[in-house]
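Here is the structure we will look at.
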Amino acid sequence: MKIAIAGSTGFIGKQLVRYLKHNGHEVFAISRRDFEGSDNQLSKLINSAEVIINLAGSSVLCRWTKSNKEEIYSSRIFTTRKIVSALQQCETGKQPKLLVNASAVGIYDTVQIHDESSGAFDSSFLTSVCEAWEQVTQQLDHSKFRVCTIRIGIVLGTTGGTLKKLLPIFRLGLGGKIGSGNQPFPFIHVDDFCRGIDHLIFNQASSGVYNFVAPSLIPNKEFTKVLASGLNRPSFCTVPTFMLQLLYGEASRIITAGQRVTPSRLLAESFEFKFGDIETAIADLIR
């Protein structure tokens, strides 16, 4: 199957490209330069693909200055609008049949337990970005295009993301919980992420919103305890909340708060997680 990916150079994108190619798919990237051209040019590029996967977006873990907020917003909304417009211009009958578009579990509030039917959204900047992001794909005619919106949790892998940043600290025995450690930690092993995408591609009945998180609901302190134990290191240290607030300002909430999220729709479609609990995920990643 021919698959086009926007955001293929990021941590998750690179892993997904490797996985899809290994499984026999033909994969090509939609680059930043492609987004700088006209919608018609982008349409000609993606018209040959059967599936479009959009993971594009700048990092949200930075101080949310006015310019950074604009970049976080535009890097997601602009690219998605371009893709949607290009899809609408594709030749009828030959256009891609599936758009998998990223979002984040940060859309949900930090109080309730959320499956995909939950409408209990937060009031944060990140929530407003996710809502706007998801609304763009509603412009597509869903009788012509299958659309899957994936609300992604914390993707765990050793080549990037949260775990890569934490491993050196924990190996020195300096790791530990963040704040109280009671905040939820909605994670997914990068292999399960890739397998989940593969599931959406081949399951023709799949459409709508999917939570891309493991089924295990754990707090931050359990994650840090399991990680330290797997490395045979202590985890006595605590990162005070006020230090993160000084470092990241408003964005520190991404780390000090969290969402309790379940992947109800993937489970209902009989998707089987290889790494459904944190012990199995960490054991695989640090072996």
Only one of Val129, Val111, Val155 is in a loop (DSSP other than H, G, I, E, B) and of a type outside the set (Asp, Glu), namely Val111
Check your understanding: assigned to a loop (DSSP other than H, G, I, E, B), hydrophobic (A, V, I, L, M, F, W, C) and under 27 Å from Asn101 (Cβ atoms) - does that describe any residue in the range 254-272?
Key -> yes
Here the residues within the range 177-205 that are on the phi < 0 side of the Ramachandran plot and among the small types (Gly, Ala, Ser) are Ser180, Gly196, Ala205
Taking the range 108-131 and keeping only residues that are under 17 Å from Trp64 (Cα atoms) and hydrophobic (A, V, I, L, M, F, W, C), one is left with Phe125, Leu126, Val129, Cys130
**Q.** Residue check for Gln112: in contact (Cβ under 8 Å) with a residue 40 or more places away in the chain and either in contact with an Asp or Glu (Cβ under 7 Å, 6 or more places away or on another chain) or exposed (fewer than 15 other Cβ atoms within 10 Å of the Cβ) (or both)
**A.** yes
Residue count, the range 34-61, condition more than 18 Å from Arg76 (Cβ to Cβ) and surrounded by fewer than 19 Cβ atoms within 10 Å (Cβ to Cβ), comes to 9
Going through (1) outside any helix (DSSP H, G or I); (2) acidic (Asp, Glu); (3) farther than 16 Å from Gln135 by Cα one by one, Glu116 fails only at (3)
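This table checks each residue for (1) among the β-branched types (Val, Ile, Thr); (2) in contact with a helix residue (DSSP H, G or I) (Cβ under 7 Å, 6 or more places away or on another chain); (3) at pLDDT below 95; (4) assigned to a helix (DSSP H, G or I).
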site: Thr162; (1), (2), (3), (4): yes, no, yes, yes
site: Gly173; (1), (2), (3), (4): no, no, yes, no
site: Lys177; (1), (2), (3), (4): no, yes, yes, no
site: Asp191; (1), (2), (3), (4): no, no, no, yes
site: Gly196; (1), (2), (3), (4): no, yes, no, yes
site: Tyr210; (1), (2), (3), (4): no, yes, no, no
site: Glu222; (1), (2), (3), (4): no, yes, no, yes
site: Lys225; (1), (2), (3), (4): no, no, no, yes
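Phe145: crowded, with 20+ Cβ neighbours inside 10 Å, in contact (Cβ under 8 Å) with a residue 40 or more places away in the chain, over 14 Å from Ile255 (Cα atoms) and more than 17 Å from the chain's Cα centre (by Cα), yes or no?
Working: crowded, with 20+ Cβ neighbours inside 10 Å: no; in contact (Cβ under 8 Å) with a residue 40 or more places away in the chain: yes; over 14 Å from Ile255 (Cα atoms): yes; more than 17 Å from the chain's Cα centre (by Cα): yes.
Spelling it out, it is not the case that Phe145 is crowded, with 20+ Cβ neighbours inside 10 Å, in contact (Cβ under 8 Å) with a residue 40 or more places away in the chain, over 14 Å from Ile255 (Cα atoms) and more than 17 Å from the chain's Cα centre (by Cα).
For Glu134, indicate whether it is surrounded by fewer than 22 Cβ atoms within 10 Å (Cβ to Cβ), acidic (Asp, Glu) and touching a strand residue (DSSP E or B) at 6+ places or on another chain (Cβ under 6 Å). Step through it out loud before you land on a result.
Values: surrounded by fewer than 22 Cβ atoms within 10 Å (Cβ to Cβ): yes; acidic (Asp, Glu): yes; touching a strand residue (DSSP E or B) at 6+ places or on another chain (Cβ under 6 Å): yes.
Yes.
Which residue is surrounded by the most Cβ atoms within 10 Å (Cβ to Cβ), if the candidates are limited to the range 234-273 and must be charged (D, E, K, R) and at pLDDT 95 or above? Give the steps one after another, and end with the answer.
If we filter the range 234-273 for residues that are charged (D, E, K, R), which is where we start, we get 250, 253, 260, 265, 269, 272.
Cutting the leftovers down to at pLDDT 95 or above gives us 260, 265, 269, 272.
On the way: Arg260: 20, Arg265: 18, Glu269: 14, Glu272: 10.
Looking at residues that are charged (D, E, K, R) and at pLDDT 95 or above, I get Arg260.
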With the first residue restricted to the range 77-90 and required to be more than 19 Å from Ser128 (Cα to Cα), and the second required to be part of a helix (DSSP H, G or I) and of a type in the set (Asp, Glu), Cβ contacts under 7 Å at 6 or more apart or on different chains are Lys82/Asp39; Ser85/Asp39; Ala86/Asp39; Gln89/Asp39
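The values are calculated or read from the model by the stated rules, or taken from the named source; none is laboratory data. Owing to the predicted nature of the structure, the values given are computational and were not obtained by experimental measurement. FYI the Cβ positions are ideal-geometry reconstructions off the backbone, even for glycines, and counts take in every protein chain you see.
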